[in-house]
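See below for the structure under consideration.
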2 protein chains.
Amino acid sequence: MKRVMLTVAYDGTNYCGWQIQSNGNTIEAELNKHLSELLGEEIKVSGASRTDAGVHALCNLAVFDTNARMPGEKISYGLNQRLPEDIRIQESKEVDGDFHPRFTATKKTYEYRIYNSRFPNPVERLYSHFTYVPLNVDNMQRAAAFFVGEHDFKSFCAVGTQVESTIRTIYECTVEKNGPVICIRVSGNGFLYNMVRIIAGTLMEVGKGNLNPADVPTILEERNRQSAGPTAPAKGLMLTAYEFV
Amino acid sequence: MKRVMLTVAYDGTNYCGWQIQSNGNTIEAELNKHLSELLGEEIKVSGASRTDAGVHALCNLAVFDTNARMPGEKISYGLNQRLPEDIRIQESKEVDGDFHPRFTATKKTYEYRIYNSRFPNPVERLYSHFTYVPLNVDNMQRAAAFFVGEHDFKSFCAVGTQVESTIRTIYECTVEKNGPVICIRVSGNGFLYNMVRIIAGTLMEVGKGNLNPADVPTILEERNRQSAGPTAPAKGLMLTAYEFV
């Protein structure tokens, strides 16, 4: 028996998210199906980040245990020949039998992309959220800086989420503009359910002038989901980096 | 009667190219259909660049004549509400009645994107050509420089193309690497059929070491399609800029 870790990239457009659902296809279900066929035994992967429907990833992580003789680093090649083209293993390797990325200290980075122009761009439509309302990027940058550090992010967590603690540490939160594309980059030691999308929705409210940058500390203090902005649409979100710290 | 010019962006993935075909959907057919419905008269657009099946554009141009009273600059809004989401008008405006972008001196820019890594990236798959063979970008840059200037591009034109002259002027031909993405950018006063894709295919042969940079002048001199590299796949190609000079 050995444990193998996969680095998984996917275009989330056509999936009901990572986690197995009864009512639609998921990344986890695809991995289980094709790994089981490849290795000739029933495989169940365990993922590091349960991304939502429509969210993309360059590097989600998953582990599974197998008795198969195929070397861990070869599994990526065999699996990629079977997977649909919107899922691709970037790396497979053997890890310690008790290792799990979800229970290991990590720095995760998400990017949220906004296409801010008069009209949408068809080749950006799957991987960004479009808005024609001009966004003030300077104010978004000022607002973003308030997220950095250890805070109680209860205001930035979907209502009804079961979680032991809503305290998280954000290492970096930046806003960059490159032509019509505005990219919000957030890295931290962990994220609550919908947290990055609510941060993005709140920063867009700042960009539109509906909130001031200095409102962010107040919203954090209020510990109330109603105080923050809306949850930004899933398709603008991508998990872009995973580091063990 | 007035003439209106459209700037058209599209994701070419699901189209049989620009020009109307009997056997599949095209950008031209979609524009004609939705413009005719919007303006209440039969509209036939005339495009500037007849891009191939699978090729993308940020800014192809098309003109049409109409008796409709709707101001030219408003047509973009009405048309975008009707078009499928993989086609979006970026601008519409009235132009002189005898103006046609195909018969006006222009500088056109194409980009060809290559995703060069061990495994494909799902979120790049629709807008780049994947190869795992490591490409030598320095050599590709040296080779690209030989295309700049006025040359006979017969070696870089699909066999059987009917054309008065195969002489074209290339203003710029560069190769840039940004992580795993290699971008070939070519601008010129006009392009022969498949010319940019054959340039890209030839530069990839240089990158792989199957050709030397100094082979490019020889290939140009030979005026023989067989001398150049293969035609690179359509999905890596995008028309990115159109300027009147």
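The values are calculated or read from the model by the stated rules, or taken from the named source; none is laboratory data. For clarity, every value in this text was computed on a predicted model and none was experimentally measured. Cβ sites come from the backbone with ideal geometry, for glycine too, and all protein chains shown count toward neighbours. Only protein heavy atoms, including side chains, enter the accessible area calculation; ligands, DNA and RNA are left aside. Shrake-Rupley method; radii C 1.70, N 1.55, O 1.52, S 1.80 Å.
Check A:ILE89 against each of (1) more than 30 Å from B:SER128 (Cβ to Cβ); (2) not in a helix (DSSP H, G or I) and name the one condition it does not meet.
Against the list (1) more than 30 Å from B:SER128 (Cβ to Cβ); (2) not in a helix (DSSP H, G or I), A:ILE89 comes up short only on (1).
With closer than 21 Å to A:THR109 by Cβ, within 17 Å of the chain's Cα centre (by Cα) and modelled with pLDDT of 95 or more as the only criterion, which of A:CYS16, A:CYS59 stands out?
Going through A:CYS16, A:CYS59 in turn, just one is closer than 21 Å to A:THR109 by Cβ, within 17 Å of the chain's Cα centre (by Cα) and modelled with pLDDT of 95 or more: A:CYS59.
Which residue out of A:MET195, A:MET140 is in contact (Cβ under 8 Å) with a residue 24 or more places away in the chain, touching a Lys or Arg at 6+ places or on another chain (Cβ under 8 Å) and not basic (Lys, Arg)?
Result: A:MET195 is the single residue among A:MET195, A:MET140 that is in contact (Cβ under 8 Å) with a residue 24 or more places away in the chain, touching a Lys or Arg at 6+ places or on another chain (Cβ under 8 Å) and not basic (Lys, Arg).
Here's the yes/no breakdown for (1) within 12 Å of chain A (Cβ to nearest Cβ); (2) within 25 Å of A:VAL123 (Cα to Cα):
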{"site": "B:SER46", "(1), (2)": "no, yes"}
{"site": "B:ALA68", "(1), (2)": "no, no"}
{"site": "B:GLU73", "(1), (2)": "yes, yes"}
{"site": "B:GLU85", "(1), (2)": "yes, yes"}
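Return the residue satisfying two criteria in turn: it lies in region A:92-126 and is of a type in the set (Val, Ile, Thr) and assigned to a strand (DSSP E or B), and of such residues it is modelled with the lowest pLDDT.
Step by step, filter region A:92-126, then rank; the result is A:THR106.
Residues to consider are B:GLY160, B:GLY229; find the one that is open to solvent by less than 20 Å² (accessible area, probe 1.4 Å) and closer than 25 Å to B:ALA53 by Cβ.
After applying the criteria, what remains is B:GLY229.
Got at least one residue in region B:125-133 being among the hydrophobic types (A, V, I, L, M, F, W, C), surrounded by fewer than 18 Cβ atoms within 10 Å (Cβ to Cβ) and without any contact (Cβ under 8 Å) to a residue 40 or more places away in the chain?
The answer is no, given that none of the residues of region B:125-133 is among the hydrophobic types (A, V, I, L, M, F, W, C), surrounded by fewer than 18 Cβ atoms within 10 Å (Cβ to Cβ) and without any contact (Cβ under 8 Å) to a residue 40 or more places away in the chain.
Between residues in region A:217-233 that are in contact (Cβ under 8 Å) with a residue 24 or more places away in the chain and residues that are of a type in the set (D, E, K, R) and surrounded by fewer than 13 Cβ atoms within 10 Å (Cβ to Cβ), which pairs lie under 7 Å by C-beta distance while being six or more apart or on different chains?
Listed by first residue and then by second, the contacts come to nothing, as the list is empty.
Would you be able to say whether some residue in region B:193-204 is open to solvent by 20 Å² or more (accessible area, probe 1.4 Å), under 25 Å from B:GLY54 (Cα atoms) and assigned to a loop (DSSP other than H, G, I, E, B)?
The answer is yes, given that some residue of region B:193-204 is open to solvent by 20 Å² or more (accessible area, probe 1.4 Å), under 25 Å from B:GLY54 (Cα atoms) and assigned to a loop (DSSP other than H, G, I, E, B).
Go through (1) within 23 Å of A:ALA9 (Cβ to Cβ); (2) within 13 Å of another protein chain (Cβ to nearest Cβ); (3) touching a Leu at 6+ places or on another chain (Cβ under 7 Å); (4) not β-branched (Val, Ile, Thr) one by one and return the number of the condition B:SER92 breaks.
The failed condition is (1).
So that you can scan it fast, the table gives a plain yes or no per residue for (1) surrounded by fewer than 14 Cβ atoms within 10 Å (Cβ to Cβ); (2) basic (Lys, Arg):
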{"site": "B:VAL55", "(1), (2)": "no, no"}
{"site": "B:CYS59", "(1), (2)": "no, no"}
{"site": "B:ASN67", "(1), (2)": "yes, no"}
{"site": "B:PRO84", "(1), (2)": "no, no"}
{"site": "B:ARG88", "(1), (2)": "no, yes"}
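Please go through region A:3-42 and pick out each residue that is buried (at least 18 other Cβ atoms within 10 Å of the Cβ), in a helix (DSSP H, G or I), hydrophobic (A, V, I, L, M, F, W, C) and away from every other protein chain (no Cβ under 14 Å).
Listed by number, the residues that qualify are A:LEU35, A:LEU38, A:LEU39.
Looking at B:VAL175, is it open to solvent by less than 40 Å² (accessible area, probe 1.4 Å), under 21 Å from B:ALA234 (Cα atoms), outside any loop (DSSP other than H, G, I, E, B) and within 14 Å of chain A (Cβ to nearest Cβ)?
no
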